Amino acid sequence: MNLTIKTKNLEIDHSLDNLIKKRMTAVSKMINAFQESAELFVEVERATKHHKKGDIFRAEAIVSLPGRKLVARAHGGNLGKIIGSVRDEMRRELRKYKTKIVELPRKKYRKIKKSFF
């Protein structure tokens, strides 16, 4: 899985890079469990240069999977919390995707198998 990090109106330094990679490892583990060739794109930006307080940061994560793109977005004042909430939202999206793609066909197969035996 490829992880691409992009920043806008914000300097990317070693600590920010490590923070994003650390928080997104849970997402990458979930993706690798059922899809090897996925790509995770994370964009972090400072929405405004004028304001000092409030919702000035925005983060977005996009996972490209076969036949579907999953998107998670968050905004707020603390960059660490925003990245964490994007991670949590992306994990929810991946669970829904996995349920539809992997689990439902298994349930249908079990149902068919029970009816024959």
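The values are calculated or read from the model by the stated rules, or taken from the named source; none is laboratory data. Please read all numbers here as calculations on a predicted model, not as lab measurements. A quick note on method: Cβ atoms are made from the backbone with ideal geometry, for glycine too, and the neighbour counts reach across all protein chains shown.
Screening residue 82 against (1) closer than 26 Å to residue 13 by Cβ; (2) surrounded by fewer than 19 Cβ atoms within 10 Å (Cβ to Cβ); (3) out of contact with any helix residue (DSSP H, G or I) (no Cβ under 8 Å at 6 or more places or on another chain) leaves a single unmet condition, (2). Filtered by the rule that a residue be hydrophobic (A, V, I, L, M, F, W, C), over 17 Å from residue 7 (Cβ atoms) and assigned to a loop (DSSP other than H, G, I, E, B), region 33-76 gives a lone residue, 38. Entry remark, region 56-71: residues being buried (at least 16 other Cβ atoms within 10 Å of the Cβ), of a type in the set (A, V, I, L, M) and farther than 14 Å from residue 37 by Cβ number 5 in total. Residue 48 satisfies every condition listed in (1) under 23 Å from residue 99 (Cα atoms); (2) more than 11 Å from the chain's Cα centre (by Cα); (3) polar (S, T, N, Q) except (1).
Among the residues of region 81-117, which ones are touching a residue at least 40 places away in the same chain (Cβ under 8 Å) and over 15 Å from the mean Cα position of the chain (by Cα)? Selection gives 101, 102.
Conditions (1) surrounded by 13 or more Cβ atoms within 10 Å (Cβ to Cβ); (2) in contact (Cβ under 8 Å) with a residue 40 or more places away in the chain; (3) in contact with a strand residue (DSSP E or B) (Cβ under 7 Å, 6 or more places away or on another chain), marked per residue:
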{"position": "1", "(1), (2), (3)": "yes, no, yes"}
{"position": "7", "(1), (2), (3)": "yes, no, yes"}
{"position": "18", "(1), (2), (3)": "no, no, no"}
{"position": "24", "(1), (2), (3)": "yes, yes, yes"}
{"position": "29", "(1), (2), (3)": "no, no, no"}
{"position": "37", "(1), (2), (3)": "no, no, no"}
{"position": "50", "(1), (2), (3)": "no, no, no"}
{"position": "53", "(1), (2), (3)": "no, no, no"}
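Filtering region 95-102 for residues that are modelled with pLDDT under 95, of a type outside the set (A, V, I, L, M, F, W, C) and surrounded by 13 or more Cβ atoms within 10 Å (Cβ to Cβ) leaves a non-empty set.
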